[in-house]
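Laboratory data are not the source of any read-out in this text; all were calculated from the coordinates shown. From a predicted model like this one, the values you see are computed outputs, not experimental measurements. Cβ sites come from the backbone with ideal geometry, for glycine too, and all protein chains shown count toward neighbours.
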Amino acid sequence: MTDRRPNDGGRDLRVLQRVVLPVDRDLDVLKLYVDGQIERGAAKVEAEAAPGRAEEGVRPDSASRRTVVVPVGRRVSFATYFNAFPAGYWRRWTNVEETVLRIRIRGHATVIVYRSSAKGHVHRVASSAVDSDTAEDRSFSLPLKPFVDGGWYWFDVVAGERAVVLERAEWCAGVEQVQRQGTASIGITTFNRPAFCVAQLVALGEAPEVLDVIDEIFVVDQGTDRIADHPDFAVAEAGLGGRLRVVDQGNLGGSGGFARAMDETVRAGRSDYVLLLDDDVVTESEGILRAVAFADHAKTPTIVGGHMFNLFVRSQLHAFGETIERYRWWWGPAAHTWPEHDFADGEGTLRRTPWLHRRVDSDYNGWWMCLIPIETIGKIGLSMPMFIKWDDAEYGVRAQAAGFPTVSLPGVAAWHVPWQDKDDGIDWQAYFHWRNRLVTALLHSPYERGGNLLKESFIISVKHALAMQYSTAELMITALRDVLAGPEHMHAGMVTKLQEIRRVRAGFADARAGERIEEFPDVRRGRPPKRGRNPGVPKGRSKVVRTALVSAVRHLGPVGEEALRNPQAAVAHIDQHWGMLSKFDSALVSSADGTKVTWYQRDPRRFRSIMKRSGLLHARLTREWGALAVRYRAAAEELSSPEAWRKTFDAAGSAGE
């Protein structure tokens, strides 16, 4: 996207980031793009346009996305998530030393340019007046030197006596600062979500500027409800202009699907990058252009990730940056960030939120939206064979160790179902959570015996057992056994492990759910609560320890017949906690998404068995950690190699086989 215009002093400029509006008219997301009262489309200001005058330089398909009308006397600010320029990230990670803000505007207006510091302090840096009924170009050369620790640039438009039409605006850099115009292939892994996936393909087809930098789109379809059978598939395929290739593959989870997309991209030999996308996201397509531009300008090959917004509360930022807490070996939000930040809140705007101005450094980026250089894949290989969970985190840590940083870039984002509406920590996915967390620590933890990981692992298995979540505790035991078996089990189990997990879970009451509470016997407490107080969550270390000890002794005793005939309580998902559940002999517990109910029942025999086996396996893993770490690290290159993965692809066959 190189362009030259008269007011740029004859310089060739590369567009880094365009000012855009939402694709649809969803007011929930408008605050992510613009702050103030606007109208969309220059045609709405007929008084300012000469009779019969066409909107010069604005195509009909781009007007609604790039043209903003500011009514008389109004002020509009682009100090917003998608339209401010994240100067701190460009300063730290790229060779760009100066950005040029270039706008085309008409009407009676003042354009004011601001910057912020990493502390969130705002500075006015430039302004320009416009008084013309024909479009005029304005440009501002803005240095990136003051942004070592963070900060943004943005601009406001103030309309005077006549309405103002901002026809387009973009943040640019001189082409001498970049050595290439890169292209990408997109890799989407899907499993029985044809409607969601096809809608995403249709959206990509409606973004021609994005398709200009896309070589191919690989959809790795691992389900039985195939996207090719969806009624809108033909429309989606046609809109992509021959770029779509569907790969039908047996279910190897997210890591298997994304590894296949990586491998297909490398083998095709056309692209500089592969962009991984979940099948259940709504992507801001403009972010794809920004990710490619950032990677093109990066000082060293860099993974460029997108942030995650809440699909259900679309103005809410769910994940801004991801890091690994090394001593616990646990993922979580980066320091100085706050989850669930809502830009639609009057106090949540970019200008009024100091923490958003500090640059955030990430260890990895979720593969809901993540651009990976082909050079990185060539050096460190494909995903680890983890099926799901931790594959993206492990890859980021592995890449970081090899000299490839990850940058989670503001203005690059997708909307995704938030974690709080999932039960993946206690359902069948619990196996992969724990197996892959342990394997990743064996591969990368700098601490002897993984720091605090094994202690925490045992405590969590106890909590699940005390909460009557016996199937989850059993899957943790299965994970421990497999880890102790060595790295060879990982590829070997990619095709069969999910079926094995389902067989294990089938024998547990806490794994069998109903859709209606009426499917279960009525709740009967039996004895009234002591002193009329219902069980609660223990507060404070001493009460937590006391609750755990008392509950453990109690769980060894027999269960009353009444509790087996009728649940003693109905516990809402938001209230479920091992400290509360451990005080019942049985309880109805609702799911995170509110669609199901499960009857937990205390079982002393299972409790004793789980505690004994979990304790012995954790002790063994503690003793053998050092030797296992050597084995896993020695096997890492082979596990992630294309050759090993291609054998697994062949073993998986096609979906539904």
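General observations
- Remark: the D593-E519 segment gains 24.8 nm on full extension, using 0.36 nm per residue and subtracting the alpha carbon distance.
- Distance between the stretch 228-297 and the stretch 421-439 - C-alpha centres, whole angstrom: 26 Å
- Alpha-carbon centroids, the stretch 544-605 and the stretch 321-386: separation in whole Å: 36 Å
- When only alpha carbons are used to place a centre, the stretch 72-93 and the stretch 144-193 end up 9 Å from one another.
- Rounded to the nearest 10 degrees, the inclination of helix 642-652 to the longest alpha-carbon principal axis of the chain is 60 degrees.
- Taking amide H as placed 1.01 Å from N in the peptide plane, V220 has its amide H under 5 Å from the amide H of I188, T189, T190, V247, each at least 5 places away in sequence or on another chain.
- With 28 Å as the limit on Cα-Cα distance, the pairs of K497/K539; K543/K612; K497/K647; K379/K455; K463/K497; K31/K596 that go past it are K497/K539; K379/K455; K31/K596.
- Rounded, prolate or oblate (a/c below 1.5 giving rounded, otherwise prolate when a/b exceeds b/c) for the stretch 382-447 by Cα gyration tensor: oblate
- Each peptide in 66-74, 568-576 receives the mean, over its residues, of other Cβ atoms within 10 Å, and ordering these scores from highest gives 66-74, 568-576.
- Under the Karplus curve 6.51 cos²θ - 1.76 cosθ + 1.60, θ = phi - 60°, whole-Hz ³J(HN,Hα) for the stretch 152-169, x wherever Gly or Pro sits: 10, 10, 7, 9, 10, 10, 10, 7, x, 7, 10, 4, 10, 10, 8, 6, 6, 8
- Rounded to the nearest Hz, the phi-derived 3J(HN,Hα) couplings of the stretch 212-226 under the Karplus curve 6.51 cos²θ - 1.76 cosθ + 1.60 (θ = phi - 60°) are 4, 10, 9, 7, 7, 10, 9, 10, 8, 8, 10, x, 9, 8, 7, where x marks glycine and proline.
- Cα gyration tensor, the stretch 615-657 - rounded (a/c under 1.5), prolate or oblate: oblate
- Degrees, to the nearest 10: 541-555 long Cα axis against longest axis of the chain: 50 degrees
- Remark on T94: its backbone amide H falls under 5 Å from those of K299, a criterion applied only to residues 5 or more positions apart or on other chains, H modelled at 1.01 Å from N.
- Stretched out straight at 0.36 nm per residue, the stretch from A634 to E209 would grow longer than its current Cα-Cα span by 148.6 nm.
- Sequence-distant contacts, meaning Cα pairs under 8 Å at least 6 residues apart, place the relative contact order of the chain at 13 percent.
- Taking the Cα centre of the stretch 184-421 as reference, the dipole from Cβ charges on Lys and Arg (+1) and Asp and Glu (-1) amounts to some 720 debye.
- Helix axis angle, 391-401 relative to the chain longest principal axis, alpha carbon, degrees: 70 degrees
- FRET efficiency, 1/(1 + (r/R0)^6) with R0 60 Å, evaluated for K119 and K612 via beta carbons: 0.65
- Reachable lysines, given that their alpha-carbon falls under 20 Å from the alpha-carbon of K145 and they are not under 8 places away in the same chain: K119, K299
- Packing, as the average of other Cβ atoms within 10 Å across residues, places the peptides 302-308, 639-645 in the order 302-308, 639-645, highest first.
- The stretch 436-513: relative contact order as a whole-number percent, Cα under 8 Å and 6+ apart: 29 percent
- Helical mean residue ellipticity (222 nm; -39500 (n - 2.57) per DSSP H run of 4+; nearest 500) of the chain: -10000 deg cm²/dmol
- Surface/4 estimate of mean projected area, convex hull on alpha-carbon atoms of the stretch 430-607, nm²: 12.2 nm²
- In terms of packing, defined here as the mean over residues of other Cβ atoms within 10 angstrom, the peptides 219-228, 419-428 line up highest first as 219-228, 419-428.
- Relative contact order [Cα under 8 Å, 6+ residues apart], the stretch 430-607, whole percent: 26 percent
- Structure-derived Cα extents along the principal axes in Å: which label, when the choices are [x] 87, 60, 50; [y] 97, 80, 47; [z] 78, 58, 53: [x]
- Cα gyration tensor shape of the stretch 387-493, rounded if a/c is under 1.5, else prolate or oblate by comparing a/b with b/c: oblate
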